[in-house]
Amino acid sequence: MTTAVQPVTFLRRLTASVTEHGPLCVGIDPHPALLEAWGAGPGTGADASGLERFGRTVVEAAAGRVAVIKPQVALFEAHGSAGFAALERVLADARAAGLLVIADAKRGDIGSTNDGYAAAWLTPGSPLEADALTVSPYLGVGALEGAFAAAERAGKALFVLAATSNPEARTLQQARVGDGRTVAATVADAVAARNIASGAGHGVVIGATVDRADYGLVTDASTLRAATPVLAPGFGAQGASLTSLRTLFPGDALVLASASRSILQAGPDGLVAAIDAAGAALSR
Ligand SMILES: O=c1ccn([C@@H]2O[C@H](COP(=O)(O)O)[C@@H](O)[C@H]2O)c(=O)[nH]1
């Protein structure tokens with residue numbers, strides 16, 4: 001009789017890496033203006049190769065300094081097939097450097113299509129293989145069932161949008177459902193339940209810019225969510241201060257403070273110092 005070997009869960013890998021490197025998640029967001037400022041934009045004759053250089057430079061600077069990087073897929077996708085080819089090489093570098101990667105693609109569709117997204121982003125050996133994928137629950141958390149299962153089989157995870165950092169989402173995410181919970185809380189509870197059953201370490205996205213009470217995500221409920229990592233974007237360019245991490249997320253065991261533009265604007269030569277400064281701000 002053969003026994004299938006279970007992969008190490010994403011939760012264990014994330015916990016180990018955050019324990020070693022801290023909770024900073026460096027975003028790789030190659031906005032056109034940043035590519036330009038880095039000398040890699042239109043007019044330099046180096047669009048796609050500049051994109052690749054941008055991403056690989058961030059990976060090189062982040063390696064050994066942080067636990068997690070988060071490429072913003074949309075900004076690679078904007079370059080078409082050349083953008084995806086660049087992203088593949090960025091992801092390969094990150095894997096080789098031992099960085100955990102959250103692909104910020106915010107996929108979300110009917111279940112059978114979500115299975116395709118999971119296959120693309122979370123299958124070991126896939127060209128776009130990442131450790132975790134951001135997903136939208138607005139076609140129903142149940143439609144993510146196959147993607148949750150695929151992630152778990154591979155020791156990977158989904159990060160599900162609960163209370164996003166942008167103000168436009170308030171009306172939808174703070175709305176109350178029949179049992180009185182907010183939409184955001186139903187999402188967070190569903191992810192927590194999945195984690196209790198699987199131990200996988202699927203995460204939720206909660207913006208550092210939001211008042212959690214308004215979304216029904218109060219801290220005293222987070223014991224239930226103890227094994228649920230939080231991806232918290234909104235630091236830096238969107239206004240939240242890295243020094244406030246503990247105040248903003250007092251009851252959550254594992255919170256990833258995500259910052260992109262505020263770090264990337266340092267340029268290739270200032271990147272290491274900017275990453276170190278961001279990491280130091282988080283431990284204040
Ligand atoms: O609620 C959310 C979910 C994702 N994001 C993404 O994070 C980065 C933020 O970039 P900054 O430059 O640090 O503002 C970006 O890729 C967003 O798409 C988010 O901001 N809020």
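Bear in mind these aren't lab numbers, they're just calculated from the coordinates by the rules spelled out. The shown structure was predicted, so the numbers you read here are calculated from the model rather than taken from an experiment. When we count neighbours, we look across all protein chains shown, and the Cβ atoms used for this are built from the backbone with ideal geometry, even at glycine.
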Between the residues Ala257, Asn166, Asn114, the Cα farthest towards the positive end of the dipole of the chain, that dipole coming from +1 and -1 charges on the beta-carbon of Lys, Arg, Asp and Glu, is from Ala257
Distance between Cα centroids, the range 122-145 to the range 53-73: provide it in whole Å.
20
How compact and how long is the range 10-283, expressed as Rg and Dmax of its alpha-carbon atoms in Å?
17.7, 57
What residue among Gly22, Gly234, Ala193 has its Cα farthest toward the positive end of the dipole of the range 10-283, where the charges are +1 on Lys, Arg and -1 on Asp, Glu, each on the Cβ?
Ala193
Net dipole in debye of the range 153-284 [+1 Lys, Arg Cβ; -1 Asp, Glu Cβ; about Cα centre; nearest 20]:
260
If you put +1 on each Lys and Arg Cβ and -1 on each Asp and Glu Cβ, how big is the dipole of the range 10-283 around its Cα centre, in Debye rounded to 20?
400
